[in-house]
Amino acid sequence: MPDYQRITVSRIAGALGAEIGGVDIGTPLDDETIAEIRRALLDHLVIFFRGQKLDDASHKAFTRRFGDIFIHPNFNTGVGDPEIVRVVRAPGDERIVGEEWHSDTTMMAEPPMGAILYAIDVPPYGGDTQFANQYMTYDSLSDGMKSMLEGLRVVHSDIRVAGPQVGFNARRSIKVREDSNWRPTESLHPVVRTHPETGAKCLFVNHSYSCRFENMTERESKPLLDFLMDHGHRPEFTCRFRWEAGSVAFWDNRCTKHLAIHDAGPFHRRMQRTQIVGDAVV
C-alpha cells in the first residue's frame, strides 16, 4: 500500500474500507492532502472520517475538491438546497432511503462517481451502513461466467424508487418526487464496467435500479440478474460502519454497493449527503 504523508489510513475490514485520520475536512486543504485522500479512496473504495464538523458550505467545498456536485433529480423537490440531500429517519418510519443493496442513481447515463455522507444526529445503536467491494465480486466469478457476461448490458431505471407509483413519501421522512409530471429515467449500462481511474473490472448491477438485460424481459432476466446482485454482497466482500455524530463516509460509487440498515427503532437519524458528477459507464 502507498505511503501516506499527510493523513493516516487504517483498514477496517479485509474487503474494503479504511478510517482516515489527521485531517479536518471542514477546513481548506492543500492539493497534496486532497491527492492523498483521493488515493485512499481508490485504494480502499470507501473511506471514513471521525469527529468532523461540517456546515453546508464546508460540506460542499470539500465535495468540489473531487468534482462538480451532482444534483439528484428525484430528491430535487423544490424545497431546500438542491446540492445537499437531507437523509432523515424518524421513529415510526416504515421505510428508509437506501435499504436495498444499491449503487447510487444508476438510472442516469452518467451516474455519480461518489458520495459524501455526513452524520449529524445518530441513534445510540442501529442505523449502520454496509458496503460491498464490486471488484472482488467480479474477480470471484468463474471464467465461464465472466465470458458469458462480456458485452451484456442491463436497463437501469428509477421506476422502483421514485414517482407516484411507489408511495414512499407516506411511509418515510425523506421525500422524493411523486408528482404527476414525474417520468422514469432509464439508461443502459454494461454488466461489467471498467473503472475509469484504476482500469480494473467490476460488476455494475444492483437491486434498486437494475431491471432487465437488454432485449430481454424481466422474467427472462431474473435468474441471472438475481444471482449477480446477491453475489455482489456476500459477507466476505463487505464492511460495516457504525456511525457517530461527526462521522463522514466517502464512497466510490463506481465500484461499490451499499445498504442502510433499517434497525434504529425508536430513534432519530439525521444526515446529509452530497454527490459528485460522474462519467459514462464503459
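Examine the stretch 116-128 for a residue that is within 21 Å of LEU203 (Cα to Cα) and either surrounded by 15 or more Cβ atoms within 10 Å (Cβ to Cβ) or of a type outside the set (Asp, Glu) (or both), and state whether such a residue exists. No, because not a single residue in the stretch 116-128 is within 21 Å of LEU203 (Cα to Cα) and either surrounded by 15 or more Cβ atoms within 10 Å (Cβ to Cβ) or of a type outside the set (Asp, Glu) (or both).
Output the residue which, of all residues in the stretch 232-282 that are touching a helix residue (DSSP H, G or I) at 6+ places or on another chain (Cβ under 7 Å) and hydrophobic (A, V, I, L, M, F, W, C), is surrounded by the most Cβ atoms within 10 Å (Cβ to Cβ).
Within the stretch 232-282, the first condition is being touching a helix residue (DSSP H, G or I) at 6+ places or on another chain (Cβ under 7 Å), and the residues that meet it are 232, 237, 250, 252, 255-257, 272, 274, 276.
Next cut, hydrophobic (A, V, I, L, M, F, W, C) only: 237, 250, 255, 276.
Working: PHE237: 23, PHE250: 24, CYS255: 27, ILE276: 20.
This residue is CYS255.
Looking only at the stretch 130-142, residues that are surrounded by fewer than 22 Cβ atoms within 10 Å (Cβ to Cβ) and in contact with a strand residue (DSSP E or B) (Cβ under 9 Å, 6 or more places away or on another chain) come to 5 in all.
Against the list (1) at pLDDT 95 or above; (2) over 17 Å from the mean Cα position of the chain (by Cα); (3) buried (at least 22 other Cβ atoms within 10 Å of the Cβ), the condition ARG89 fails is (1). Right, GLY163: at pLDDT below 95 and within 23 Å of ASN253 (Cβ to Cβ) or not? When the stated conditions are applied, GLY163 passes them.
Can ILE37 be described as in contact with a strand residue (DSSP E or B) (Cβ under 6 Å, 6 or more places away or on another chain) and either charged (D, E, K, R) or in contact (Cβ under 8 Å) with a residue 24 or more places away in the chain (or both)?
Numbers: in contact with a strand residue (DSSP E or B) (Cβ under 6 Å, 6 or more places away or on another chain): no; either charged (D, E, K, R) or in contact (Cβ under 8 Å) with a residue 24 or more places away in the chain (or both): yes.
When the stated conditions are applied, ILE37 does not pass them.
Restricting attention to the stretch 199-231, and to residues there that are closer than 18 Å to ASN133 by Cβ and loosely packed, with under 15 Cβ neighbours inside 10 Å, which single residue is nearest to the chain's Cα centre (by Cα)? Out of the qualifying residues, it is ASP230. Looking at the structure I just gave you, is MET145 among the aliphatic types (A, V, I, L, M), crowded, with 20+ Cβ neighbours inside 10 Å and under 22 Å from TRP101 (Cβ atoms)? No; evaluated as a whole, the condition is false for this residue.
Yes/no per residue for (1) surrounded by fewer than 18 Cβ atoms within 10 Å (Cβ to Cβ); (2) among the basic types (Lys, Arg):
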site: ARG6; (1), (2): yes, yes
site: GLU32; (1), (2): yes, no
site: LEU41; (1), (2): no, no
site: ALA57; (1), (2): yes, no
site: PHE70; (1), (2): no, no
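Residues in the stretch 92-134 that are part of a strand (DSSP E or B), under 25 Å from ILE71 (Cβ atoms) and not small (Gly, Ala, Ser): HIS102, ILE116, LEU117, TYR118, ILE120, ASP121, THR129, PHE131.
With respect to the conditions (1) more than 22 Å from VAL192 (Cβ to Cβ); (2) free of Cβ contacts under 8 Å to residues at least 60 places away in the same chain, ASP143 falls short on a single one, namely (1). In the stretch 1-75, counting only strands (runs of 3 or more DSSP E) that sit wholly within it, the ones holding 1 or more residues that are polar (S, T, N, Q) span 8-11.
The values are calculated or read from the model by the stated rules, or taken from the named source; none is laboratory data. Everything numeric in this text was worked out from a predicted model, so none of it was measured. Reconstructed Cβ throughout: ideal geometry from the backbone, glycine too, with neighbour counts over all protein chains shown.
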